[in-house]
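Read the structure below first, then the notes.
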2 protein chains.
Amino acid sequence: MQQQSILLLGAGRSATHLIDYIAQYSHKSNITFTIADISQETLQAKTQQYPWVKTLTIQPNNNEEQYESIVSQNTIVISLLPPQLHLQVAKICLRYEKHLLTASYLSEAMKQLHQEAKEKKLIFLNEAGLDPGIDHMSAMETLDKIRAQGGKITSFQSFCGGLIAPESDNNPWGYKFTWNPRNVVLAGQGTPAQYIYQGKYKYVPYSQLFTNPINLYFETVGDYEAYPNRDSLSYRTHYQLDDIPTMLRGTIRKKGYCKAWNNLVRLGITDDSLPIENLSTWAEWFEAFLPNTDNNKSIEDKLAEVLQLSKDDESLQKLLWIGLQEDENINTKETLTSAQILQKKLEQKWKIAPQDKDLVLMQHQFQYELQNKKYQITANLIVKGENATHTAMSKTVGLPLAIATKLVAENKIQEYGVMIPIYKQWYEPILAELKHFDIIFQEKHTELQK
Amino acid sequence: MQQQSILLLGAGRSATHLIDYIAQYSHKSNITFTIADISQETLQAKTQQYPWVKTLTIQPNNNEEQYESIVSQNTIVISLLPPQLHLQVAKICLRYEKHLLTASYLSEAMKQLHQEAKEKKLIFLNEAGLDPGIDHMSAMETLDKIRAQGGKITSFQSFCGGLIAPESDNNPWGYKFTWNPRNVVLAGQGTPAQYIYQGKYKYVPYSQLFTNPINLYFETVGDYEAYPNRDSLSYRTHYQLDDIPTMLRGTIRKKGYCKAWNNLVRLGITDDSLPIENLSTWAEWFEAFLPNTDNNKSIEDKLAEVLQLSKDDESLQKLLWIGLQEDENINTKETLTSAQILQKKLEQKWKIAPQDKDLVLMQHQFQYELQNKKYQITANLIVKGENATHTAMSKTVGLPLAIATKLVAENKIQEYGVMIPIYKQWYEPILAELKHFDIIFQEKHTELQK
């Protein structure tokens with residue numbers, strides 16, 4: 001059997017638990033483990049307990065030769081680089097015949113590599129993190145069980161969110177950044193969200209996305225809500241649910257978040273198309289998005305008027321809490337879009353403190369028919385972080401990817417090409433091992449009235 | 001003096017009056033006039049009274065050699081081709097040293113040709129139609145007059161619209177297509193509108209664009225309203241108004257149009273990003289943009305609920321008049337975006353009838369200070385068309401361009417390079433001659449209370 005060696009590209013926010021897992025596994029199995037990152041500081045902090053792990057400081061210029069030289073010396077590559085870099089790495093992996101694993105969405109360009117990867121007996125696993133990742137694996141496990149019993153699935157709704165634990169929640173939005181802030185600020189922009197509900201296609205434009213959130217409840221942590229994700233329809237094929245009448249995926253936020261965020265959307269504050277010039281203070285920027293008024297109304301009054309809300313509406317108070325109306329200088333040398341200015345402010349206000357515990361929530365709602373009866377299964381996942389480094393986000397993104405890497409290293413997978421972990425040979429061992437790390441779904445089975 | 005010959009590229013909707021004018025002028029002055037278009041039928045219809053005008057049927061493939069061969073044989077080129085083709089024509093004009101005139105917005109790429117055109121003593125005149133065109137010329141005439149008196153301009157608001165005359169207005173929107181339908185459906189999408197009001201910069205996102213229209217009144221035709229145009233700020237430099245506290249340009253619609261159109265915007269019906277599959281009827285498409293409802297509510301009730309309007313609200317009735325809720329097949333073989341489906345429907349409902357008269361409206365509002373007093377000038381332009389071919393739109397776009405062409409043919413312009421008609425040598429003779437065609441601004445001067 002070939003002697004394996006594992007290379008991790010990128011040691012950032014979501015790599016902490018993955019590094020811990022693979023460091024320990026590589027030590028036990030006598031496998032070389034190398035981590036490459038642009039920050040020597042990060043490498044040092046995350047590997048100091050593991051003297052046997054090799055580290056490499058790479059240049060932030062995505063130099064082809066740099067990647068070639070490190071990829072070519074290993075047999076399995078994990079990429080936690082920014083998603084737009086995966087393809088470059090994948091092509092190098094193809095050239096040097098290395099396996100590749102990522103936690104990112106499978107791109108169209110990546111799909112094109114399937115035939116060649118398959119012929120070379122390479123595994124290119126994508127979407128092996130949390131969302132996408134654990135969502136696929138846990139959904140497929142239950143869907144396959146229902147189908148094995150002869151059940152017919154009539155509805156599948158699935159929700160996921162990276163949030164803050166109640167004990168660390170000290171702001172009115174119930175939110176702090178545990179993930180890419182830019183993605184949070186731009187969420188839902190671009191094309192309308194698409195899903196199917198009771199046999200009817202639904203398109204939700206940005207202007208409506210945050211207006212009708214779906215209520216969700218999680219025991220021990222409380223009330224949440226969700227707005228529809230970009231494209232729920234494409235998952236029908238992945239999950240072999242092509243004829244399902246209801247299929248919806250959504251993003252979870254604390255109850256009340258959507259209405260408040262929608263105020264920003266309505267005002268146009270989340271616009272990312274227009275670099276804004278001639279502005280110096282937060283208030284000048286914010287007021288530039290309010291209608292003309294000749295009188296001396298307060299910002300609170302103007303907001304209440306344009307948004308048609310009462311002044312004591314919670315969603316308005318959340319908006320004012322951000323401090324967009326402050327008379328201080330924005331302090332930027334670049335010309336930023338409104339979305340970028342908003343992100344700058346939110347990064348101050350929604351910053352996770354070193355001892356804060358984050359929270360990962362996932363909920364699947366399955367409905368199915370079996371022997372002329374209707375059933376529902378609700379499966380909840382609740383994972384809390386330890387602190388701002390060992391986050392629930394890093395744990396739930398990194399561990400499935402780490403376990404998948406071990407499966408590849410141990411030649412447990414006999415399927416080749418470009419894929420996502422919707423097959424039993426992936427999800428069974430990964431979900432089983434995740435349970436040892438307290439990543440466990442709580443299921444509730446009920447019979448529904450027809 | 002060089003013997004001139006004039007080439008018109010494009011004989012479509014906005015060319016009718018221009019052809020009439022230049023046909024007569026060329027006959028009188030013994031100048032060759034050639035018209036090239038992809039439709040032989042159009043060429044025949046528009047030139048049958050003018051046997052001395054040459055016509056050329058061109059291929060719709062924008063072949064470089066085709067344009068080269070016809071451009072090279074003339075001295076002055078007028079392009080009424082789609083705007084994206086102007087640059088290709090401009091480069092050929094540069095190569096063969098021909099003058100070029102268009103009614104389209106001056107693009108950044110066109111600006112790059114300035115130095116070379118200037119050195120070759122060529123005139124590349126852009127924005128010489130209605131809007132842009134007459135707006136610049138009439139604005140500059142009044143602004144220059146105020147400045148010549150020593151007045152200080154404090155506010156300039158300018159509005160323009162292509163509409164339908166009251167006597168031909170038989171639909172609740174007060175609108176029919178007299179111009180590119182796609183531009184009407186997509187109006188305001190992309191970046192927020194920008195303007196400055198009482199010294200404060202204002203950004204209006206698409207979600208707010210149609211919510212606060214400005215009321216306008218025109219004697220003899222009635223009440224209208226306007227929403228802000230894309231970028232009012234860039235005009236400050238053109239008009240030498242860099243320090244002006246209020247500068248706003250807007251598009252005119254019949255009173256009530258904006259609120260009704262905003263219903264479509266709020267529902268997401270104007271989305272042009274997502275090609276929609278799996279739909280067959282108008283109703284299926286329309287309902288896909290309404291929220292989930294489990295019950296059997298009528299479309300009218302659902303709309304009233306999601307838009308928070310009463311069922312007898314005029315803006316809701318306008319929406320229903322379009323017939324988006326009809327149970328008939330959309331009948332399209334292509335996969336269209338929602339905006340394209342809407343356009344298809346509106347092209348049926350807002351079609352101008354052969355004997356309909358269209359209406360062009362323009363209003364400038366100037367405010368200035370002179371000898372410690374404040375004044376306002378309101379200048380209104382009202383032009384009605386004769387029928388669906390000799391439209392007010394064709395007249396007001398084509399005649400300024402035609403007169404500008406005559407000025408070039410007669411060597412009246414001694415300024416070279418890429419330009420727009422904001423200089424006296426252009427606007428004075430053009431506005432003077434437009435009066436003979438009843439294109440006349442009515443001015444009202446008032447003193448304002450300080």
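The values are calculated or read from the model by the stated rules, or taken from the named source; none is laboratory data. Not measured: the values here are computed from a predicted model. Don't worry about glycine lacking a Cβ; one is built from the backbone with ideal geometry, like all the others, and counts go over all protein chains shown.
Per-structure values
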quantity: Test for A:T246: is it surrounded by fewer than 22 Cβ atoms within 10 Å (Cβ to Cβ), within 11 Å of chain B (Cβ to nearest Cβ), farther than 29 Å from A:T335 by Cβ and β-branched (V, I, T); calculated: yes
quantity: Hey, A:S155 over 23 Å from A:T220 (Cβ atoms), in contact with a Phe, Trp or Tyr (Cβ under 9 Å, 6 or more places away or on another chain) and of a type in the set (S, T, Y) or not; calculated: yes
quantity: Test: A:G256 is among the small types (G, A, S), surrounded by fewer than 19 Cβ atoms within 10 Å (Cβ to Cβ) and farther than 30 Å from A:K444 by Cβ; calculated: no
quantity: Verdict on B:T270 being assigned to a loop (DSSP other than H, G, I, E, B), closer than 24 Å to A:R266 by Cα and more than 8 Å from chain A (Cβ to nearest Cβ); calculated: yes
quantity: Search result, residues across segment B:194-206 that are facing chain A (nearest Cβ under 7 Å) and among the hydroxyl-bearing types (S, T, Y); calculated: B:Y197, B:Y201, B:Y203
quantity: B:L209 crowded, with 17+ Cβ neighbours inside 10 Å, under 29 Å from B:V383 (Cβ atoms) and of a type outside the set (G, A, S); calculated: yes
quantity: In segment A:419-437, the residues that are in contact (Cβ under 8 Å) with a residue 24 or more places away in the chain and either hydrophobic (A, V, I, L, M, F, W, C) or assigned by TED's automatic domain parsing to the domain that holds A:E219 (or both); calculated: A:M419, A:I420, A:I422, A:W426, A:I430, A:L431, A:L434, A:F437
quantity: Filter result (hydroxyl-bearing (S, T, Y), more than 22 Å from B:P132 (Cβ to Cβ) and either touching a helix residue (DSSP H, G or I) at 6+ places or on another chain (Cβ under 9 Å) or within 12 Å of another protein chain (Cβ to nearest Cβ) (or both)) within segment B:207-243; calculated: B:S207, B:T211, B:T220
quantity: Qualifying positions in segment B:1-45 - assigned to a strand (DSSP E or B) and of a type in the set (D, E, K, R); calculated: B:D37
quantity: Residue in segment A:34-52 that is over 25 Å from A:G162 (Cβ atoms) and in contact with a Phe, Trp or Tyr (Cβ under 7 Å, 6 or more places away or on another chain) present; calculated: no
quantity: Given (1) part of a strand (DSSP E or B); (2) within 14 Å of another protein chain (Cβ to nearest Cβ); (3) of a type in the set (S, T, Y), index of the condition B:T335 fails; calculated: (1)
quantity: Selection within segment B:249-267 - of a type in the set (A, V, I, L, M) and facing another protein chain (nearest Cβ under 10 Å); calculated: B:V265, B:L267
quantity: Residues being without any contact (Cβ under 8 Å) to a residue 24 or more places away in the chain, farther than 17 Å from B:S234 by Cβ and of a type in the set (G, A, S) - total across segment B:105-153; calculated: 1
quantity: Within segment B:283-308, tally of residues that are part of a loop (DSSP other than H, G, I, E, B), surrounded by fewer than 17 Cβ atoms within 10 Å (Cβ to Cβ) and within 14 Å of another protein chain (Cβ to nearest Cβ); calculated: 8
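This table checks each residue for (1) surrounded by 21 or more Cβ atoms within 10 Å (Cβ to Cβ); (2) touching a Leu at 6+ places or on another chain (Cβ under 6 Å); (3) hydrophobic (A, V, I, L, M, F, W, C).
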{"position": "A:R13", "(1), (2), (3)": "no, no, no"}
{"position": "A:T16", "(1), (2), (3)": "yes, no, no"}
{"position": "A:I19", "(1), (2), (3)": "yes, no, yes"}
{"position": "A:K28", "(1), (2), (3)": "no, no, no"}
{"position": "A:T34", "(1), (2), (3)": "no, yes, no"}
{"position": "A:T42", "(1), (2), (3)": "no, no, no"}
{"position": "A:Y50", "(1), (2), (3)": "no, no, no"}
{"position": "A:K54", "(1), (2), (3)": "no, no, no"}
